Amino acid sequence: MAKKSASVTQARRYARERTLQALYQMELSGGNVSTVRQEIQDRQEMSLVDEDYFISLFERIAKDPDAIDERLIPALDRPIEDLDPIERSVLRIATCEFAHHLEIPARVVINEAIEITKRFGADQGHKYINGVLDKLALVLRATEMKKSG
């Protein structure tokens, strides 16, 4: 039987989902970056995941969340600590992508964050995520957002 494969788009979505799970697990357990990453890789289905992208996202965010939060906080309407842990992690992932993965269009980053929040977050959490990321994209991807109108 041939091994299943995912499109690049799907493999990256799975990488974002695993990053979300790892960030959430780290927040709950207080585990260290390499231990949590290894647990996710060992315990989760990874065959369709872009593992390099997962590692890149997770480690960049987990090792220096303050650098991500510094970019994110101005777009928030409340203290970052008051956010739901899932929403906080989704926003950190999207902020990281805005800042460090310029090859991914801002609209794709926003859409992926909304879809992941619909799957894992609170009932109407995706609306909050959309509003924050629309505001953040105007700052972090200003030129791109002006072009797309």
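For the reader, a short list of remarks on this structure follows.
- Pick from the stretch 1-39, criterion among the β-branched types (Val, Ile, Thr) and surrounded by fewer than 19 Cβ atoms within 10 Å (Cβ to Cβ), ranking: farthest from ILE86 (Cα to Cα): VAL8
- Search result, residues across the stretch 84-108 that are touching a Ser or Thr at 6+ places or on another chain (Cβ under 9 Å) and either β-branched (Val, Ile, Thr) or free of Cβ contacts under 8 Å to residues at least 24 places away in the same chain (or both): ILE86, VAL90, ILE93, HIS101, VAL108
- Looking at ARG71, ARG141, just one residue is more than 13 Å from the chain's Cα centre (by Cα) and touching a residue at least 60 places away in the same chain (Cβ under 8 Å), and that residue is ARG71.
- Within the stretch 120-138, the set of residues being over 15 Å from the mean Cα position of the chain (by Cα), small (Gly, Ala, Ser) and assigned to a helix (DSSP H, G or I) comprises just one member, GLY131.
- Test: residue in the stretch 123-140 that is aromatic (Phe, Trp, Tyr), under 27 Å from SER29 (Cα atoms) and out of contact with any Pro (no Cβ under 8 Å at 6 or more places or on another chain): yes
- THR117 being part of a helix (DSSP H, G or I), of a type in the set (S, T, N, Q), within 23 Å of ASP52 (Cα to Cα) and in contact with a Gly (Cβ under 9 Å, 6 or more places away or on another chain): yes
Only the coordinates and a few stated rules stand behind these numbers; no lab work does. Just so you know, these numbers come straight off a predicted model, no measurement behind them. Heads up, the Cβs are rebuilt from the backbone with ideal geometry, glycines too, and the neighbour counts pull from every protein chain shown.
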